[in-house]
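One structure below.
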There are 2 protein chains.
Amino acid sequence: MATEPSHRRGKAVDEKILGAVIDVIEASGTLAIKVDQVAAVAGVNKTTIYRKFPTRDELVLTAILAQAETVIPIPDTGSLRDDLTAIARMVREVVTSPLGRALLSASAESPQLAELRPEYWGARFAVAAEVIERAVRSGECKPPEDPALLIELMVAPIHFRASQVGGEITDTFIELQVDRLMQALT
Amino acid sequence: MATEPSHRRGKAVDEKILGAVIDVIEASGTLAIKVDQVAAVAGVNKTTIYRKFPTRDELVLTAILAQAETVIPIPDTGSLRDDLTAIARMVREVVTSPLGRALLSASAESPQLAELRPEYWGARFAVAAEVIERAVRSGECKPPEDPALLIELMVAPIHFRASQVGGEITDTFIELQVDRLMQALT
DNA sequence: CTTCTAATGCAACACAAAGTTGCAATGGAT
DNA sequence: ATCCATTGCAACTTTGTGTTGCATTAGAAG
């Protein structure tokens, strides 16, 4: 039987490289990383990287996509308001962390990432909207027209403030967003 | 009297260069422009650019700041709702244009721009909030707690969808944001 | 009109980082 | 034990940033 051709050392090295990319991005806080740095951190020769990833951009892109597959846990506190607050706070964690900021800025510059955005965010919103649908089933609130849209509108101000306006994203600010969503549900 | 030392050809050339930077950014849709391109477009030698702007980053930064000083007209239709709609539509124009997208993505990568963000957006929101305060004075609506914050919350979903989520920003979507703001005022 | 000087042009350079190439070394499968 | 794909290594090309020395030129002042 053909046992997976050509992956003798390959697979593990791939992961080491992509992991190193994320590490370097996290450490430097920017996507403008050097391939040599990645090679050093991964403990791998530069040539090996270029054999697997044709260009630096593709290397970074692949690492980001791999990272994006990380599953976000969906909270279930029993209370809709608490679930939404938990989601909003997780979003704040991401958009204020150096790695998160770097990754989010990526979609602006990469046309390839731009194509994947709708699907990516659609999936995220759908998952988060699950807490709303759960509350609807338990009779905690009335069924909204478009749960995913409500989530989008809740997190939008958090993203906007983090990426553009600047200034702190306080607990009060987060509660304001949760309140607005709760109001739309009652 | 000392007649402005050292600006014989200087001033006009500065503007030609900065204008060329914007042109190249607009044409390429990215901030990753080449100094040689700018020199060619401006009809100026590369050395001249480097004499006025120490680094490429500073060149781009200066051009962006100059561009940012562009005054946005504040609408006055007589109706608060129409004013807000006009503002929201102007925001959509900016965030969906290649130049606007490129400029907005800048703040993510430049620490210097990051410092200026709060002041910049504060000013923009204050100007836009004027339409609310005008409506308050005319008795069209009740006085809100923080008009600038309301504007921020109105435009946040537009920015978020343009920069991250992707997908179209329809008139319906814009009206939804205006409606939400109007509801907060009544 | 002449002169003086700062601003510009020009060409050659140093440097950094991306990406390439040919060959040697090596580790795992059979 | 053998084989071959994977990796390491070193030298190279290319592109773009930023610098330097010197020649030109535009314009201000006399």
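The values are calculated or read from the model by the stated rules, or taken from the named source; none is laboratory data. Everything numeric in this text was worked out from a predicted model, so none of it was measured. Neighbour counts run over all protein chains shown; Cβ positions are idealised from the backbone, glycine included.
List of remarks:
- Test: residue in the stretch B:98-112 that is assigned by TED's automatic domain parsing to the domain that holds B:R134 and either within 16 Å of DNA strand C (Cβ to nearest atom) or β-branched (V, I, T) (or both): yes
- Selection count where residues are under 22 Å from B:A135 (Cβ atoms) and within 16 Å of DNA strand C (Cβ to nearest atom), scope the stretch B:48-91: 0
- Unmet requirement for B:E109, which otherwise passes all of (1) in contact with a Ser or Thr (Cβ under 9 Å, 6 or more places away or on another chain); (2) surrounded by fewer than 19 Cβ atoms within 10 Å (Cβ to Cβ): (2)
- Qualifying positions in the stretch A:91-110 - over 16 Å from B:F160 (Cβ atoms) and more than 9 Å from chain B (Cβ to nearest Cβ): A:E93, A:S97, A:P98, A:L99, A:S110
- Residues of the stretch A:112-167 that are of a type in the set (V, I, T) and buried (at least 21 other Cβ atoms within 10 Å of the Cβ): A:V131, A:I132, A:I151, A:V155, A:I158, A:V165.
- The stretch A:2-106 holds helices (runs of 4 or more DSSP H) entirely within its bounds, and those carrying 1 or more residues that are within 18 Å of the chain's Cα centre (by Cα) map to A:10-28, A:56-68, A:80-96.
- Selection status of A:R134, within 11 Å of chain B (Cβ to nearest Cβ), more than 27 Å from B:S105 (Cα to Cα), in a helix (DSSP H, G or I) and basic (K, R): no
- Listed by first and then second residue, the pairs linking a residue in the stretch B:158-171 that is closer than 16 Å to A:S110 by Cβ and more than 7 Å from chain A (Cβ to nearest Cβ) to a residue that is surrounded by 13 or more Cβ atoms within 10 Å (Cβ to Cβ) and not basic (K, R), with Cβ atoms under 6 Å apart and 6 or more places separating them unless they lie on different chains, are B:A162/B:V95; B:A162/B:T96.
- Total residues in the stretch A:28-42, condition away from DNA strand C (no atom under 11 Å from the Cβ), of a type outside the set (V, I, T) and at pLDDT below 95: 2
- Residue within the stretch B:172-182 that is farther than 23 Å from A:L176 by Cβ and at pLDDT below 95 present: no
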